[in-house]
Amino acid sequence: MKRALIGGGLLAGLGALILLIALFAGGSSPKGWISRTFPKTGPDTYRSADGPLRTAERIAAKHKPDDRVTDPTGVYLRYRSAIVGVRPAGAGSRITVDTPARGYARYHSSLGGRWGGPGGRASTFRGGGPGEGK
């Protein structure tokens with residue numbers, strides 16, 4: 001009986017520790033931090049009182065992006081599992097968090113071939129099959 005209580009207590013403690021690590025580890029995607037930091041205005045869309053450059057700097061300081069593109073339309077941060085777009089909206093900015101495929105499709109006109117497609121793979125993939133000059 002005593003062993004069962006000790007074993008159960010150890011399992012419960014281990015479970016709580018794993019849960020805390022999962023909640024506070026941050027991971028490689030900034031989605032959770034963004035959802036806790038900025039007010040939500042729609043599905044995967046948030047609002048910041050700061051302009052796009054300052055907002056993107058805050059996000060990048062908390063979660064280092066794999067790549068970053070800044071152009072007149074906004075700032076785009078690429079992560080392994082997300083693309084974050086930070087665009088001007090009134091006096092502040094609008095933040096969107098998308099999967100790589102959805103983010104690339106949404107911001108293709110701004111990103112062009114800079115990332116080559118979802119996950120950045122399309123620019124290096126030359127196709128297959130017969131033919132020369134590939």
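The values are calculated or read from the model by the stated rules, or taken from the named source; none is laboratory data. Predicted model only: the values in this text are computed from it and were never measured. Note: ideal-geometry Cβ built from the backbone for every residue, glycine included; neighbour counts use all protein chains shown. Just so you know, the surface numbers come from the protein's heavy atoms only, side chains and all, with ligands and any DNA or RNA stripped out. Shrake-Rupley method; radii C 1.70, N 1.55, O 1.52, S 1.80 Å.
At a glance:
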item: Accessible area per residue in Å² at 1.4 Å probe, computed on the stretch 28-119; result: 49 Å²
item: T37 versus A105: modelled label distance in nm, points set 7 Å from Cα along the beta carbon direction; result: 2.7 nm
item: Solvent-accessible area, 1.4 Å probe, carbon plus sulfur percent, for the stretch 28-119; result: 51 percent
item: Within the stretch 55-105, trypsin sites (Lys or Arg not before Pro) in DSSP loop having at most 13 other beta-carbon neighbours inside 10 Å; result: R80
item: Net charge of neighbours whose Cβ lies under 13 Å from the Cβ of S93, counting Lys and Arg as +1 and Asp and Glu as -1; result: +3
